[in-house]
């Protein structure tokens, strides 16, 4: 199965927020009460019920001119994903397309991923004690459809397809734009499955780290110490098995009888 | 209460007043037919039924009538406007809608998914005026001499040798008969400018009726002399007031839409996902003006014209820059016009009222805009008028 990626060409985004709404519609995410805080950006950030948003940002060109930047912000679907690394229950996992999906049933609400993600994407919902985030519309892409946000985009700023093909498009577009334009996403965390074409320097965009990386603490615990803990866990299981062989299963029938007798009296 | 019920209730109250007090031409009200739903024993409509109204708009035969050798019984729905008579034997609320609700049922409720046109007309899905013609003036899509479509790959209609096939043909007799395609235009052809227009065709700069300058520096005529005005001298109310070059209202204001809402938001503000993205009335203010006024981003301010005032959240932005008009600095602010009370929290909700999942806040921009019509289209001049912006007294 070939890797799939989403391309987000910010030079073509008009900030219409069709992607933001289409995501909520496909994933049946409820709206929450908001207020205008002096910006078009609303909800103010990614939320358990908001898996992608357009970030609105004004930058001055120094000559009295102004650029209004729109950035589609959603899960980057890293190849070396900190969230998958730290997830103790297996809820966050890689799919056959290379994207990072979430099995809510397995999520135990530990919030490890919230702190590990360099893009601050997973959001914790206290009402359900679960993490929620974009899964690149796995239900759609597994049925040969593009993600809902891509489907809704009226300008072609969002594209979806095979990794090699889309990356080619991205580099061609960055070259065409020239100046400070660059491709963002394929050079770190072993490549993300959402890739930007940024018309401005990467450092300019709000909440977009210039050099994102998996936190060292995550690497230390999960890559170096986890194998040791697995070894220990394996020892426990082997010991239990040995105990079963030598002593046989635990007999609980006697206890059960006792309880039903007490209930009858 | 739905609009129809309000109208029905108003009708009965006005009728009662006329019956009690009389008045000129009172029969126009007291004798009016009003049978748009099941009735109570006193003859009043208990609750309005939209189907009764839709049938009335389509029209009935008011007596037995033979047309083209076929007898239509009294009470039968008229099949289409070609059957409407000028002898009082038929009725119709609007000829354009005749054919929308026939003996076959409510045409607008049809859900046929077949598309025999091949170009996506889906002629059996719902209905459109007139006579379910999907593309009006479709006669212009064919060569008038031969009936061959100009775009043969996507024919709207075409002549198959003996009749027209495709959409319901408009403005075309048999090919070569010389009938022009634009049947509703006096010359039968399309036009950019033609008879009946008050203004045009050449462009000219006029100042808005309410403006920050006393002289049009580009021409001797200050405002468009052909604009449509509804206010009459000596009459009217505060909504007709104007404030040109008034020091109380020194700031230009413009109105516009946001992607998330349509018109006053009566439909879009009920949609929680849209309401969440644009929940309230705002005013966009340039950084310089905000600094002068001591206005901070995100605080609620007052936008005031001579006609009224609205509360709005200040969006202080670099995108708005002051104008330099003939050497004077004039600031401009902008407001969307989508808000108003209907889905606000402040509204009084009675039992059974639908409440929005996400409330929206603020007033309609119509409170501050002027009422002046474009000479040709009568579209109001809500893009340019004068206001002031003030901090709210805390």
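Every number in this text was worked out from the coordinates using simple rules, so none of it is lab data. The shown structure was predicted, so the numbers you read here are calculated from the model rather than taken from an experiment. We place every Cβ from the backbone using ideal geometry, glycine too, and count neighbours over all the protein chains shown.
Note on residue B:29 and residue B:349: with the Förster distance fixed at 30 Å, the Cβ-Cβ geometry gives a FRET efficiency of about 0.35. Per q in 0.13 1/Å, what log10 I(q)/I(0) does a Debye calculation on the alpha-carbon atoms of region A:99-227 return? Results for region A:99-227 at q = 0.13 Å⁻¹ read -0.71.
For region B:347-386 versus region B:276-290, the spacing of their alpha-carbon centroids is 17 Å.
Figure legend: label point modelled 7 angstrom from the Cα of residue B:216 along Cα→Cβ; residues of region B:353-394 with amide N under 19 Å from it are B:371-386. Going by a ≥ b ≥ c, the root eigenvalues of the Cα gyration tensor, does chain B fall in the rounded group (a/c under 1.5), the prolate group (a/b larger than b/c) or the oblate group? Prolate. The three principal axes of the C-alpha atoms in region B:110-191 carry coordinate ranges of 37, 27, 21 Å, sorted with the longest axis first.
For the peptides B:146-156, A:181-191, B:13-23, residues were scored by their other Cβ atoms within 10 Å and the scores averaged per peptide; the highest-first order is A:181-191, B:146-156, B:13-23. Computed per residue of the protein assembly as shown from DSSP H runs no shorter than four, each worth -39500 (n - 2.57), the mean residue ellipticity at 222 nm is -5500 deg cm²/dmol.
Taking 19 Å as the cut-off, the amide N atoms of region A:115-148 that come nearer than this to a point 7 Å along the Cα-to-beta-carbon line of residue A:216 belong to A:115-119.
Rounded to the nearest 5, the antiparallel percentage of DSSP beta bridges internal to chain B is 75%.
I need the shape label for the protein assembly as shown. Rule: rounded when a/c is under 1.5, else prolate if a/b > b/c, else oblate, with a, b, c from the alpha carbon gyration tensor. Because a/c hits 1.5 or more and a/b exceeds b/c, the protein assembly as shown counts as prolate.
The packing ranking, built from the mean of other Cβ atoms within 10 Å per residue, places the peptides B:157-169, A:137-149 in the order A:137-149, B:157-169, highest first.
Annotation: the antiparallel percentage among DSSP beta bridges lying fully within chain A is about 85. Centre-to-centre separation between the Cα atoms of region A:92-134 and those of region B:13-67: 62 Å.
Computed from Cα atoms, the angle from the helix A:226-247 axis to the main principal axis of chain A rounds to 20 degrees. Residues of region A:31-56 with backbone nitrogen within less than 15 Å of a virtual label 7 Å along the Cα-to-Cβ line of residue A:180, please, listed as ranges. Zone members listed by number: none at all. Based on C-alpha pairs under 8 angstrom that are at least 6 apart in sequence, region A:4-204 has a relative contact order of 29 percent.
Shielding value for A:40-53 is 2, the average number of Cβ atoms from other chains within 10 Å of each residue's Cβ. Gain on full extension, evaluated as 0.36 nm per residue between residue B:94 and residue B:291 minus their Cα-Cα distance, stands at 65.3 nm.
A convex hull fitted to the Cα coordinates of region B:3-107 yields 128 cubic angstrom per residue. Sorted fewest first by neighbouring Cβ atoms within 10 angstrom, B:187, B:47 come out as B:187, B:47.
Each of B:197, A:46, B:25 was scored by other Cβ atoms within 10 Å of its Cβ. Listed from fewest to most, they are B:25, B:197, A:46.
Averaged over the residues of A:24-33, the number of partner chain Cβ atoms lying within 10 Å of the residue Cβ comes to 4. Label region B:228-391 by shape, choosing from rounded, prolate and oblate, from the square roots a ≥ b ≥ c of the eigenvalues of the Cα gyration tensor; if a/c is under 1.5 it is rounded, and otherwise prolate applies when a/b is larger than b/c, oblate when it is not. Verdict is oblate for region B:228-391. What separates the Cα centres of region B:327-345 and region A:1-75 is a distance of 24 Å. Once both axes come from the Cα atoms, what is the angle between helix A:253-264 and the longest principal axis of chain A, in degrees from 0 to 90, rounded to 10? So the inclination is approximately 90 degrees.
In terms of the mean number of neighbouring beta-carbon atoms within 10 Å, the peptides B:270-283, A:86-99 order highest first as B:270-283, A:86-99. Helix B:3-21 against the longest principal axis of chain B: what's the angle in degrees, Cα atoms only, rounded to the nearest 10? That helix lies at roughly 90 degrees to the long axis. Counting Cβ atoms of other protein chains within 10 Å of each residue's Cβ and taking the mean over peptide B:356-364 gives 2. State the antiparallel share, in %, of DSSP beta bridges confined to region B:206-356, rounding to the nearest 5. In region B:206-356, DSSP labels about 50 percent of beta bridges as antiparallel.
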